[in-house]
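Structure first, commentary second.
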Amino acid sequence: MPGRWFAALLFCCILAGCNGDKPQERRISRSSGPPAYGDAIVVGSIGEPSTLIPLLATDSASFDIAGLVYNGLVRYDKNLKLEGDLARSWDVSPDGLTITFHLRRGVKWQDGVEFTSRDVLYTYRVTIDPKTPTAYSGDFKQVKTAEAPDPYTFRVTYARPFAPALASWGNAILPAHLLEGKDITKSDLSRHPVGTGPYRFKEWVPGQKLVLESYHDYYEGRPYIDRYVYRIIPDSSTMYMELKAGSLDRMGLTPVQYARQTTSREFLDRFNKFRYPASGYTFLGYNLRNPLFSDRRVRQALTSAIDKKEIVQGVLLGMGQVARGPYKPGTWAYDPHIHDFDYDPARAVRLLAEAGWQRNGDGIMEKNGRPFQFTILTNQGNDQRLRTAQIIQWRLKQIGIDVKIRVVEWASFLKNFVDTGNFEALVLGWTISPDPDLYDVWDSSKTGPKELNFVGFKNSEVDRLIAEGRTTFDQGKRRRCYWRIQEILAKEQPYTFLYVPDELPVVSARFHGIRPAPAGIDYNFIRWYVPKEGQLYQ
Amino acid sequence: MITYLLKRLVMLVPLLVGISLVTFTVIHLAPGEPVEMQTSLNPKISAAARERMREFYGLDKPLYVQYLSWLKRMAKLDFGRSFAPDGRPVIEKIRERIPVTLSLNVISLVLEMGLAIPIGVLAAVRRNSRLDRAITVFVFLGFAVPTFWLALLLMYLFGVQLGWLPVSGLHSLGSDRLGLLAWSWDLAKHLLLPVSIATFGSLAGMSRYMRATMLEVLNQDYITTARAKGLSERVVIWRHAFRNALLPLITLLGFSLPGLIGGSVIFETIFAIPGMGQLFYQGVMGRDYPLVMGILVIGAGLTLIGNLLADVGYALADPRIRHGRG
């Protein structure tokens, strides 16, 4: 009788579910040995790449793969400083208008053709071509002239000195000999890329996996790991089970998985866990056009009433740190001495009283008979943001402020609320790019509809400092600008900066040579290896 | 019969156009556009770049112009290119996903029929017995248990704890180097969990339906006559009652035709199966109009054809209907 059989099975499986961690049969050796070529790494990803021509892609999965297949002229090193990649070196003219890149000689595309300045010129031209549907033409549009005087020199001239320009040359350089004269949107390279990078494309099984092979003629030498398998597993619990079952070597953990589900001796024997600050922060942004938030003291009071440490504990289980400004702690633009409004509800009440808000008999904050209430908006599908909003709601209730939370699907969140400025406050996150330029998010010229300064922050001193910071290449000068901006933002509190979460990757213990640095662990991926006797796949 | 068929087939065209018009309007009414989904909140993207992308996709034209150009292409059976950054032809994207979904659904459907029909008949014959009640509880358990929860439990048991079955996906790493037999075995192991869970979840509907029609038939006079004639219970049930009770199932089968190419998003996501459900979901989330329209039109077409086939099948199986329309 199938019924009885199945009921018994179900019962067993519920029992097994309560059973806890059972030691695995398959043991991964932690054996040490000299670096050796061979083996494969199987990486789990929630999303599938959309296109392997990075110029056309906007999703992180596409860049995971493109980052291994292509190179830019420059790149960020392990300390997040720019270093030469396909460019051996570069000179900036004294007036800051011209950048001359000296290209590496003898670099070969994965099909054997030599890499030259013609490829760079092509990449520049196709990026600014109005027919190319790319998202990355902005920075290149600042270029006045681009020329390739000889095969190993590439020179660009700007109308004004433009510091973020250098980083924009980290965009992937595309093979001119395969693309010139063709329609890039219909090119086969989007499914079968050819780059100059350490890995070459082997196969793509749609919806399942991508496979890359090491490129033996890579200019920095042959990578140790022979194959890179990128498995698409859209559900994070499934991915975690695949990891535990031994069919995945690497994934990113959630805070709960990191803190609670991966602490057994058996797990730590088989895997190495890493933890370092991610390049992003979460904030509570106030619509400064709204009279409710136009008074700086009110915003300072709100920040004082929110316990950021508690949010880091409650939402991230401590896997993150409190944010005080728009930069990642530990980077050169970050000001460690920033004065922030720490959690102090008494100060919050005092500041609100200065701004004319008093608690009435029912304990509700009121001004001229109007209660203090507003709605925090956030997007659907991000639990961390929702829980953050809930903790804020609870804290503000304690000083008599009534907060409602509204969760909206991403597309309509942007279209109906953010783009139109039709919101009171929102919980959202920004990526922190290694170049500290703040023009797009904080300049007062960027407050229009669909622009990124959607809270409507306008401050002439900040505008001046942003302009100064992006027109000089001198890091000392730039740092002074950005430190001053952080001071102003801390005083003005247009956002309550909440937290910088941690990146929590886990990698099978058979991989050696991983050296965590400010840039994370991936910067030296080609130097990871598995000792001969520990190799799992041939 | 032939003219009737032709008439029905011709009628399909305006119906399809109507459906496509409604779906086209609805999907464009949803807030957000493909370009915005790709570029919003990205500091590196200028407004000019965004406008250029809108132009590239033809989104700057009025809605009816967009619809007409879409319709013109559809008339030539050209589904267009996806608005996702890969810009691949929609038909190609659908084609690489259909085999997986279709075979999963066909296997599940066959299993479902193979189990639900005997279960339903058994429950009807032994109505209100202990067995009937047990079956009821069992099928409703399958109906009520959230598939994703059951799936996760079973994956944990068989995949992680016991290590008997793979956790997710369709093939093991390196399965392409295996021989045909080993390769099929590998695939079968991957399919075992998803197929059994899908079948378990859908047993209820079909088996209850079978039970109800069977009960109805068993109360007919001719069954009493057959029994009075002294026919064995087996002949009465399987030869006389069962065949008549099967008729309504034809309709159900017709309705399940479009379902064969539709997949469940949650299910496919949990098992990491690249099927139609995921494709459609991604299409909707990214506002990939041509892809969404393509899938919807195929689905609508199959629904209409399924209805037609059910009607025809019914006519073929039941002389009363056939002659009535003659």
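The values are calculated or read from the model by the stated rules, or taken from the named source; none is laboratory data. Fair warning: this is a prediction, and the values are worked out from it, not measured in the lab. For neighbour counting, all protein chains shown are included, and Cβ atoms are generated from backbone atoms with ideal geometry for every residue, glycine included.
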Problem set entry | Selected residue [surrounded by fewer than 22 Cβ atoms within 10 Å (Cβ to Cβ), among the hydroxyl-bearing types (Ser, Thr, Tyr) and under 30 Å from A:Gly421 (Cβ atoms)] from A:Ser294, A:Ser247 | A:Ser294
Exercise. Does B:Ile117 count as closer than 30 Å to B:Ala198 by Cα, not assigned by TED's automatic domain parsing to the domain that holds B:Thr199 and not charged (D, E, K, R)?
Worked result: no
Seminar exercise, completed: Of the candidates A:Gly448, A:Gly429, the one satisfying the condition of being closer than 20 Å to A:Glu310 by Cα and within 14 Å of another protein chain (Cβ to nearest Cβ) is A:Gly429
For this session: Take region A:359-375 and flag every residue that is closer than 19 Å to A:Arg296 by Cβ and out of contact with any Lys or Arg (no Cβ under 7 Å at 6 or more places or on another chain).
Result: A:Lys367, A:Phe372, A:Phe374
Exercise. Within region A:53-90, how many residues turn out to be surrounded by 17 or more Cβ atoms within 10 Å (Cβ to Cβ) and of a type in the set (Asp, Glu)?
Worked result: 2
For this session: Of the conditions (1) in contact (Cβ under 8 Å) with a residue 40 or more places away in the chain; (2) over 30 Å from A:Glu266 (Cα atoms); (3) of a type in the set (Phe, Trp, Tyr), B:Phe148 clears all except one; give me its number.
Result: (2)
Exercise. Residue check, B:Ser20 against (1) surrounded by 14 or more Cβ atoms within 10 Å (Cβ to Cβ); (2) modelled with pLDDT under 85; (3) hydroxyl-bearing (Ser, Thr, Tyr), all met but one. Which one?
Worked result: (2)
Exercise. Before we move on, is B:Val106 touching a Gly at 6+ places or on another chain (Cβ under 6 Å), in a helix (DSSP H, G or I) and at pLDDT below 90?
Worked result: no
Exercise. Looking at A:Ile405, A:Ile401, A:Ile466, A:Ile488, which one is of a type in the set (Val, Ile, Thr) and in contact (Cβ under 8 Å) with a residue 60 or more places away in the chain?
Worked result: A:Ile401
Exercise. When residues of region B:226-264 are filtered for being among the β-branched types (Val, Ile, Thr) and under 30 Å from B:Val292 (Cα atoms), how many remain?
Worked result: 3
Seminar exercise, completed: Among residues of region A:414-426 being of a type outside the set (Lys, Arg) and at the interface with another protein chain (Cβ under 9 Å from one of its Cβ atoms), the residue surrounded by the most Cβ atoms within 10 Å (Cβ to Cβ) is A:Val418
For this session: Among residues belonging to region B:71-92 that are more than 21 Å from A:Val205 (Cβ to Cβ) and facing another protein chain (nearest Cβ under 10 Å), point out the one that is surrounded by the fewest Cβ atoms within 10 Å (Cβ to Cβ).
Result: B:Arg81
Problem set entry | Filter pass, B:Gly324 being touching a Leu at 6+ places or on another chain (Cβ under 9 Å) and modelled with pLDDT under 85 | no
Exercise. When both residues are 6+ apart or on different chains and their Cβ atoms are under 7 Å apart, which pairs have a first residue that lies in region A:137-156 and is within 14 Å of another protein chain (Cβ to nearest Cβ), and a second that is among the basic types (Lys, Arg)?
Worked result: A:Gly138/B:Lys44; A:Asp139/B:Lys44
Exercise. Just for region B:96-110: of the residues that are within 11 Å of chain A (Cβ to nearest Cβ) and touching a helix residue (DSSP H, G or I) at 6+ places or on another chain (Cβ under 7 Å), which one is nearest to A:Gly207 (Cα to Cα)?
Worked result: B:Arg97
Problem set entry | Residue check for A:Asp437: touching a helix residue (DSSP H, G or I) at 6+ places or on another chain (Cβ under 6 Å) and either within 12 Å of another protein chain (Cβ to nearest Cβ) or charged (D, E, K, R) (or both) | yes
Problem set entry | Every residue from region A:181-218 that is within 24 Å of the chain's Cα centre (by Cα), within 12 Å of another protein chain (Cβ to nearest Cβ), touching a residue at least 24 places away in the same chain (Cβ under 8 Å) and not in a loop (DSSP other than H, G, I, E, B) | A:Ser190
For this session: Scan region A:359-375 and give yes if some residue there is at pLDDT below 95, in contact with a strand residue (DSSP E or B) (Cβ under 8 Å, 6 or more places away or on another chain), in a loop (DSSP other than H, G, I, E, B) and within 30 Å of A:Leu316 (Cα to Cα), otherwise no.
Result: yes
For this session: Could you list all residues from region A:96-128 that are within 14 Å of another protein chain (Cβ to nearest Cβ) and free of Cβ contacts under 8 Å to residues at least 40 places away in the same chain?
Result: A:Ile128
